[in-house]
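Remarks on the structure that follows.
Read the figures in this text as sums done on the coordinates, not as results from a lab. This structure is a prediction, so every number in the text was calculated from the model and none was measured. All Cβ positions, glycine included, derive from the backbone under ideal geometry; neighbour counts span all protein chains shown.
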Amino acid sequence: MRNFKNFIVVALLLSFVFIPNFSRAANKQAYDDASLREAINSAGENEVIELTANISLVSPIEFTDKTITINGAGHTITKADNWSTDSANGSLLTAGSGARLNLINLTLTNAQKYGVQAYNGGYVSLDNVTISDCAYGGVLVNAGTVEVKNLFLKKNGGEGYNNGIEIAKGESLSGSESNPKLVMNGTISSTETDQVIYVDINDPIGSFDIVNTDTTVDKVLVSGDKLVVTDQNNNILYQSNQIEDIDSLGVVGETFKKNVMVNIQLLDKSTVVVVREGDVLSKDDLISRIDFASLGFTDYTLDGFYLDPEFTTEYDYSTAFTNDITLYAKITINQPAQDVTPKTGIGSIVEISLLVIVASLVGIVALRKKLS
């Protein structure tokens with residue numbers, strides 16, 4: 001019996017040693033062109049493929065109807081010197097109809113055309129991905145969906161122009177029900193400022209969607225005849241090419257609203273409240289946005305906000321903010337009530353004692369004079 005118990009203990013210990021190895025082996029691994037293609041072709045649904053080396057592709061890789069995650073583990077996929085393809089697709093990686101490709105911790109570079117493409121309903125997610133030196137552009141949203149979680153774009157496109165994320169729908173897809181969609185769900189950064197987003201107005205796009213999630217840091221917004229990328233403080237970081245007749249193009253997305261600075265004067269102090277163009281704020285809304293404690297106001301009364309320092313014209317709180325403005329707060333510092341309570345502390349006793357001594361001395365002096 002003791003030997004059997006020892007056997008069980010040893011078996012359990014061995015299981016703890018080998019189980020982690022089994023779990024690690026569950027992910028497919030790829031180290032060159034052939035092994036990456038084999039891993040993708042044989043992958044089941046929601047398969048994870050981890051790169052163990054930099055990989056040079058000899059032709060595009062594209063797939064449909066399955067979900068695959070490629071964890072680059074800090075490695076790079078690039079175009080090989082002997083790259084050759086008869087396909088019109090010159091992207092390194094393409095998620096086609098019914099496919100989802102999640103790219104994480106990966107660099108894509110030196111593509112014949114694009115680093116990665118979402119094609120005809122395909123979905124591409126980019127998380128901690130860097131794309132550079134691709135001949136046509138970094139990312140192609142070709143009647144598919146691209147979700148940006150964390151994307152770093154270097155220079156992509158031909159000589160003299162940049163093309164970060166291209167929104168398009170090729171002629172061959174003009175009859176497709178799928179339209180391009182760009183989902184912002186994190187951050188995007190670029191070494192270039194122009195055409196970080198490029199809309200191919202020569203394509204029969206029909207319409208395209210721009211979605212900003214509730215948790216995204218950077219946003220893509222419509223601003224006049226361009227798209228702009230903004231940071232969490234609503235500053236414009238990057239802009240697209242000029243999009244002719246943008247209203248008829250069918251862009252579905254939020255409109256950019258500039259920051260408006262409301263400079264508020266409070267006696268000899270001032271503060272700035274930042275609002276969005278078109279915002280309408282009540283008096284209480286404005287008050288709630290002022291940090292009175294940091295300005296040194298603790299006990300005060302604020303009657304309202306005025307357009308002049310003499311407080312003759314109160315601000316119309318139904319008016320939308322459209323430009324920077326200065327408002328004057330009618331504020332009164334409340335004076336502390338006077339203390340009328342009789343003093344009973346040590347200080348008061350000492351004062352009374354001194355008065356008694358002084359009175360006594362005066363009395364003694366007067367008495368001596370009388371006796372003398």
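Numbers at a glance
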quantity	calculated
Length added when fully stretched, ASN41-ASP133, from 0.36 nm per residue minus Cα-Cα	30.4 nm
Förster radius 41 Å - calculated FRET efficiency between THR85 and ALA293 (Cβ-Cβ, nearest 0.05)	0.05
Stretchable slack from ASN233 to ASN202, in nm (0.36 nm times residue separation minus alpha-carbon distance)	7.8 nm
Extension gain (nm, one decimal) between THR319 and SER97, 0.36 nm per residue minus Cα-Cα	75.0 nm
Cut-off 14 Å, label 7 Å out along Cα→Cβ of THR255, residues of region 198-227 by amide N	221-226
Part-to-part distance (alpha-carbon centres) for region 271-308 and region 48-70, which is given in Å	55 Å
Residue order, fewest to most surrounding Cβ atoms within 10 angstrom, among SER282, SER189, SER125	SER282, SER189, SER125
Shape call, region 139-213: gyration tensor on alpha carbons, a/c limit 1.5	oblate
³J(HN,Hα) computed for each position of region 267-284 - Karplus, 6.51 cos²θ - 1.76 cosθ + 1.60, integer Hz, glycine/proline x	6, 9, 10, 8, 8, 10, 10, 9, 10, 9, 3, x, 5, 10, 10, 6, 4, 5
SER125 long-range amide H proximity, modeled H, under 5 Å	LEU101, ASN102, LEU103, GLU147
Amide proton proximity set for LYS66, modelled H, under 5 Å, gap of 5+	ALA99, ARG100
